[in-house]
1. Among the trypsin sites (Lys or Arg not before Pro) within segment 21-69, which fall in a DSSP loop and have no more than 11 other Cβ atoms within 10 Å of their own Cβ?
2. Convert 37 °C to kelvin, take the viscosity as 0.692 mPa s, use the Kirkwood radius over C-alpha pairs of segment 338-429 as Rh, and evaluate the Stokes-Einstein diffusion coefficient in µm²/s, rounded to a whole number.
3. Going down the table (LYS120/LYS200; LYS317/LYS371; LYS67/LYS120; LYS140/LYS174; LYS140/LYS371; LYS174/LYS317), which pairs top 22 Å between alpha carbons?
4. Please give the contour-minus-distance gain from GLU178 to ILE156: 0.36 nm per residue of separation, less the Cα-Cα distance, rounded to one decimal in nm.
5. Over all distinct alpha-carbon pairs, what is the Kirkwood Rh of segment 242-313 in angstrom?
6. Of the trypsin sites (Lys or Arg not before Pro) in segment 348-408, which ones lie in a loop per DSSP and count no more than 14 other C-beta atoms within 10 Å?
7. Quick one: P(r) of segment 51-164 from all Cα-Cα pairs, 10 Å bins, percents rounded to integers, in order of increasing distance.
8. Hand me the trypsin sites (Lys or Arg not before Pro) from segment 112-159 located in a DSSP loop with no more than 14 other Cβ atoms within 10 Å, in residue order please.
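Each value in this text was obtained by applying a stated rule to the coordinates, not by laboratory testing. As the structure is a computational prediction, the values presented were derived from the model and not from experiment. Virtual Cβ from ideal backbone geometry, glycine too; neighbours counted across all protein chains shown.
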Amino acid sequence: MGMATPKSTTVVLEDEDVGFEENILRNPFSLRCWLRYVEHKKKCKAPLKQINMVYERALKELPGSYKLWYNYLRFRRKQVADKCPTDAAYQRLNNVYERALVFMHKVLTQHERIWPLYIKFVTGHAIPETTIRVYRRYLKLMPKYREDFVEYLHEIDRLDDAAQQLAILVNDDKLVSEHGKTTHQLWTELCELISKNPNKVHSLNVDSIIRQGIQSGGPMVRTRRILYSSGAFREEEVADEDQQLELELLFARFEHLMDRRPLLLNSVLLRQNPHNAHEWLNRVQLYEGNKVKQVETYEEAVRTVQPKLQTEPPYCKVDDLATVWCEYAEFELRNREPERARKLMRRATAAPPRRSHYFDDSEPVQYRVYKSLKVWSLYADIEEAFGTLESCQAVYERIIDLRIATPQIIINYAKFLEENEFFENSFKGNWY
């Protein structure tokens, strides 16, 4: 998809614009020059079309600039604030959003900054077809928000589409509901939707869905039958309501105990050996969906486990330990804690007290992970997205010093320097 240009391609220049035009001709890839030109136009109260033209010219030269797209989208939104949703300006703004998503698709860490704005914009107006298309694309990147899509489809009475999305949810074996719903609740919601709206839900095989729902509840039914048969002899002796209530309480306690069994078993193992890192990681998995508890578990594990007393077998490969560091950093990013992720990567890449050769299997992997390209690549991406210019340069220079840089790393470093106007260093970086 190429850059769209305004209908009128004539560039209107004032006397005060000449200096800025000369500057961008000399430095067409300088973000600072373009932003100064835009601010100048705004201060001079130039017509909106002229300011839009400057933004479009800037994006033609710098299509990958997040800052430029972000400012342009905010500026264009203000232009349609008081207009009717059917105005052609809304369609033009939508086209700008579409182009932003196309040109920013390579910067994965910045997608979460653009998509929520786009979703909020399209759901705030009566444009259901456009909103549905946007949501479908959004779910390819962030499938965990599918329940929000279902709620929106309910609001606009697109019940057939809502049923299809619910069917996807209930068939997901690894589902962790963002709204705190169980798979059983989602099955119930799907069945109610189908039964109450038989004329609106037509794209699903209702018979197979009902049968699948019954089969998914089979293990639960069998478990309850076993419990019922084991307690049937007691029910025969229950004569009054108090005894009936007591029996129900016993069953409730038993079910609660069974639900907590994995966590209780994990607690026993950790009491036996509080330095068992593997069991601490298992405990984090048991709290899946509860981010606060997961963070508390990580913090408690770090405070408790002493590396010298760790009795679990060491990691077999450096890549195994590198994966743990990367998963932890990505966990912090998913919870919008970029600074904690940066500190974590600094710890992961810190040189050990005794230097070791990366391929020396006789050395522990903890002494060799600081040369893991997997860890350094993620560290560089995080610094580019959330760090400073100096910190990002330091990361790339350290990769080169360790002699683990790949051609792609060198190219990324050169592009980063070029975007920040370090042209001489950019040229030099290609010849390391």
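1. On the way: sites: ARG26, ARG32, ARG36, LYS41, LYS42, LYS43, LYS45, LYS49, ARG57, LYS60, LYS67; in loops: LYS45.
Loop-located and lightly packed - LYS45.
2. On the way: Rh = 13.9 Å.
Once the numbers are plugged in, D ends up at 237 µm²/s.
3. On the way: LYS120/LYS200 27 Å; LYS317/LYS371 13 Å; LYS67/LYS120 20 Å; LYS140/LYS174 16 Å; LYS140/LYS371 33 Å; LYS174/LYS317 27 Å.
Too far apart for the 22 Å limit: LYS120/LYS200; LYS140/LYS371; LYS174/LYS317.
4. Once the chain is fully extended between GLU178 and ILE156, it gains 5.8 nm.
5. Details: mean 1/r = 0.0718 Å⁻¹.
Evaluated over segment 242-313, this radius sits at 13.9 Å.
6. Within segment 348-408, the qualifying trypsin sites (Lys or Arg not before Pro) (loop, at most 14 other Cβ atoms within 10 Å) are ARG354, ARG355, ARG403.
7. Each 10 Å bin holds this share of Cα pairs: 12, 43, 33, 10, 1.
8. Details: sites: ARG113, LYS120, ARG133, ARG136, ARG137, LYS140, LYS144, ARG146, ARG158; in loops: ARG158.
When the trypsin sites (Lys or Arg not before Pro) of segment 112-159 are filtered for loop state and at most 14 Cβ neighbours within 10 Å, nothing remains.
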